[in-house]
Amino acid sequence: MLWIGITGPMGGGKSTLTALLRDEGFVALDADEIVHRVLRQGGVAEREVLQTFGQNLRGAGGALDRRALGRLVFADPVKLARLESILHPLVRAEVARARRELEGRGETVAFYDVPLLFEKNMQADFDHILVVTASESARRARVKARLGLSDADFDERSSRQLPVEVKEKGASVVVRNEGTRDDLRVEMNRALRALGITSRGSSPR
């Protein structure tokens, strides 16, 4: 099975590209969705995260407040590293299980949206890597609108990722996301053709 990583800078459009691939019938896993699953109320990581960072991170209804957790850890590299040490092994195990299942049912191509692909030196795990990106102004506006972050918050989080130029150099194909969702779909189809993929089930071996 062709295993293709999707990554890029914050606000570049990884989640939108993943959704468009799913619209076309492709299988696309999402690291953030898996993190959300293991952190949800009763999830395998919830108890350890609350024990480590404090019960005051429970929000309405008793569930973990992920935004409050994010504000806490992104302000402290030591806490961020501790959170990653809890979550990353669980995410890797879930992805490995899902990948075995996909191969077992005969899928010929699958995608995995993983924001820290380069930062965690995961390049060798993939057959190809799609980097989806946009201008800094576009990325900043999207993140501020979606997450309510300040410019300082955006700069802080971006500083923890490798420069965009480094990611683009490591890409099999770069996908530009400067316009509408339809524009991104055109870019996506161009990228798939560049990889020899014209439809689900048509991946080259």
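Side notes on the structure shown:
- A protection proxy built from the mean count of other Cβ atoms within 10 Å ranks the segments 86-97, 129-140, 187-198, most packed first, as 129-140, 187-198, 86-97.
- Equivalent ellipsoid semi-axes - Cα gyration tensor, the stretch 109-205, angstrom: 26, 17, 11
- Share of Cα-Cα pairs in the stretch 1-68 lying beyond 16 Å, as whole percent: 58
- Amide N of the stretch 16-34 lying under 17 Å from the label point, which is placed 7 angstrom from the Cα of Thr180 along Cα→Cβ: 17, 20
- Percent of alpha-carbon pairs separated by more than 14 Å within the stretch 79-151: 74
- Listed peptides 3-11, 152-160 by packing density, highest first (mean Cβ within 10 Å): 3-11, 152-160
- Net charge of Cβ neighbours under 13 Å - reference Asp65; Lys, Arg +1; Asp, Glu -1: +4
- The amide H of Ala28, built 1.01 Å from its N in the peptide plane, has Phe111 as neighbours under 5 Å, considering only residues 5 or more places off or on other chains.
- With both labels modelled 7 Å from their Cα along Cα-to-Cβ, the Glu101 to Asp125 distance reads 1.7 nm.
- Fraction of accessible area attributable to carbon and sulfur, the chain (%, probe 1.4 Å): 50
- Virtual spin-label span in nm between Ala194 and Glu33, 7 Å along Cα→Cβ: 2.4
- A straight chain from Asp151 to Arg47 at 0.36 nm per residue would run longer than the Cα-Cα distance by 34.2 nm.
- Close amide-amide hydrogen proximity is noted between Val175 and Val131, Val132, Thr133, each under 5 Å apart and 5 or more residues distant or on a separate chain (H modeled in the peptide plane; Pro and chain starts excluded).
- Ligands, DNA and RNA are left out, and with a 1.4 angstrom probe the accessible area of the stretch 88-205 is 54 Å² per residue.
- Net charge of neighbours whose Cβ lies under 13 Å from the Cβ of Gly179, counting Lys and Arg as +1 and Asp and Glu as -1: 0
The values are calculated or read from the model by the stated rules, or taken from the named source; none is laboratory data. It should be emphasised that the depicted structure is a prediction, and the values quoted were computed from it without experimental measurement. Glycine also receives a Cβ, built like all others from the backbone with ideal geometry; neighbour counts cover every protein chain displayed. Surface areas here come from the heavy atoms of the whole protein model, side chains and all, with no ligands, DNA or RNA. Shrake-Rupley method; radii C 1.70, N 1.55, O 1.52, S 1.80 Å.
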